[in-house]
1. Can you tell me how the chain classifies by the Cα gyration tensor, rounded, prolate or oblate, using a/c under 1.5 as the rounded cut?
2. In degrees from 0 to 90, rounded to the nearest 10, what is the angle of the helix 293-307 Cα long axis to the longest principal axis of the chain?
3. Mind listing the phi-derived Karplus ³J(HN,Hα) values for the range 64-71, rounded to whole Hz, using 6.51, -1.76 and 1.60 with θ = phi - 60°, and x for any glycine or proline?
4. Within the chain, what's the longest run with no trypsin sites (Lys or Arg not before Pro) in a DSSP loop and at most 12 other beta-carbon atoms within 10 Å? Give the range, please.
5. For the range 285-336, just say rounded, prolate or oblate: build the C-alpha gyration tensor, square-root its eigenvalues into a ≥ b ≥ c, call rounded for a/c under 1.5, and beyond that prolate if a/b exceeds b/c, oblate if not.
6. If I stretch the segment between Ala303 and Arg396 completely, what's the gain in nm (0.36 nm per residue apart, minus their alpha carbon distance), one decimal?
7. Would you calculate the convex hull of the Cα atoms in the range 189-271 and tell me its volume per residue in Å³?
8. Just to verify a number: FRET efficiency for Ala176 and Ala287, C-beta to C-beta distance, R0 = 45 Å, to 0.05?
Amino acid sequence: MRLVLDTKKSRLIILAGVLVIIVVCSAAYVPAIKGGFVWDDDDYVTDNPLLTAPDGFYNIWFSTDAPSQYFPLTYTTYWVEYRLWGFNPFGYHVVNVAIHIANALLLWLVLRRLSIPGAWFASAVFALHPVQVESVAWITERKNVLMLFFSLLSVLCWMKFIFGSNSIRRAVLFYAVSLLLFALALFSKTTACMLPVVLVLILWLRGLPLTSKRWLRLVPFIAMGIGMGFFIMWWEKYHQGTSAVNLGIGPADKLLISGRALWFYLWELFWPVNLAFSYPRWNIDPAKIQQFTWPAAVLFAVAIAWLLRNRSGRGPITAILFFAATLFPMLGFFTLYTFVYTFVADHYQYAACIGPIALVAAAGAMLFGRSGKYTRFVIVLAAGVSVLTLGTLTWRQSRAYTSVDTLWLDTLKKNPDSWLAHGQIGSSLFKQGKLDETLIHLDRVLELGAYLKKVDPRAYSVAYYNKGLIFAAKGRLNDAVEQYRKSLELQEDSALVHCLFAEVLATQGKLEEAQLHYRRAIEIIRNNKAEIIPEDIRQRLQSLGVERQH
């Protein structure tokens, strides 16, 4: 009878823990749920032809038409949601938050299965930490939350295969399902490719020797991860435009970026008070010996944790290696277009933060178990205050994602030298007809983003042709001509700029020169090298004998 009562009490405690996470996390994300679409959400959702075209579902999986990397499962969720509630942002936000809550509950289950103390507290911190807001409140980052959802399910099935099944048939089934879930994680976001490392760490944490038989079982996971990794590197280079970007990052630079990034992410976890959508881009200089302090400190921390593993257990070194390995694809060793404007982003550590969070939670739980009544009360109070504080910070951070304007204004407040934020705010002001204010921000883009002339000339040229648009609208045609010339010096193969330039020249009566630029635009379009062109200009080109090819 006592056993039945204890079991019932245990279930009630678990149910209470589940409800607390669901309710508190939902409340923390209310501002985001009530918000709209923000940056890149147009490419991923509202302007994504893959969601509305009759053959969109097929092209999501079997074409290179995706507006970003190959995330077919993520785009499939958008495709389904479009058919449920169209382009109402509320539904997309609710799904993001729901998956995030599911991830927190799955994390709790994984940590319990691994017998890690403080599992519930770790899952609560994961759910409510403001560093997660970028992944949850930003619809575009559905790929992040979805990737972790399938990764955690894959881990649970893997542990069932390794630890929890006496039947060979059931074990094989759990193995196959784990592999399938890993594939779904990869189709959500390719950074899931580091999951095989996590599976190895689980084996090592539980003290199981890495025999040849166990390595053989890992081979399909490793092959899938590496294969998808190389595929995305190819995609990033030839379909995302990184081949045209000259970041100038050598091996020493990559080492410095990765070392500093690891400490940056760790600091954000322990002091999340100034989180930004876009952080300042660091000046990396291998000639400055002091910058090597960052990677040296990482190696020192790993060495200390390894040397103390017999005294403190395998938990600390496992948490550190998990943190570093999960972040590895985003640390700078591989070229990412985002490195044009920043080397770090909160959403990069959505999954990686599990390591440090679980380590701190476990340390707190172990201290609780060894303490007296008064100390236990202090620990519980501190844990409660921490959860409430994190929830409050998440609620505050979520408010930045209510609209495009609030997001970029918040970014500029925290990172006033962000040329990206100035450019986006300028674009918003231009749509409102505030031309003089727009010019101020565009001048700041040209000032702060001067390094783009070498790194990504096309991105830098955008500010010039936007200034040309404003001058043309204000009737300052000579100034518009000057801006368009500067833009074409940086991206000669832009049909849009050639068209805009030709329009101004035609207005000035310089018809022969205008015809030259129209012809160049036609040539570019016929070679399928043009960006999207406004309808009125496209019709003018068609009247000159060009039909845009698709």
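Where a number appears in this text, it was derived from the coordinates with a stated rule and is not lab data. These numbers come from a predicted model, not from an experiment. When we count neighbours, we look across all protein chains shown, and the Cβ atoms used for this are built from the backbone with ideal geometry, even at glycine.
1. It is prolate, given that a/c is not under 1.5 and a/b is the larger ratio.
2. With rounding to tens, the tilt is 20 degrees.
3. Those phi angles translate into 9, 7, 4, x, 10, 6, 7, 10 Hz.
4. After excluding every exposed loop site, the longest remaining stretch is 1-287.
5. It is oblate, given that a/c is not under 1.5 and a/b is not larger than b/c.
6. 29.7 nm
7. Working: hull volume 12.8 nm³, N = 83.
Enclosed volume per residue, from the Cα hull, is 155 Å³.
8. Values: r = 53 Å, r/R0 = 1.17.
That pair, Ala176 with Ala287, gives E of 0.30.
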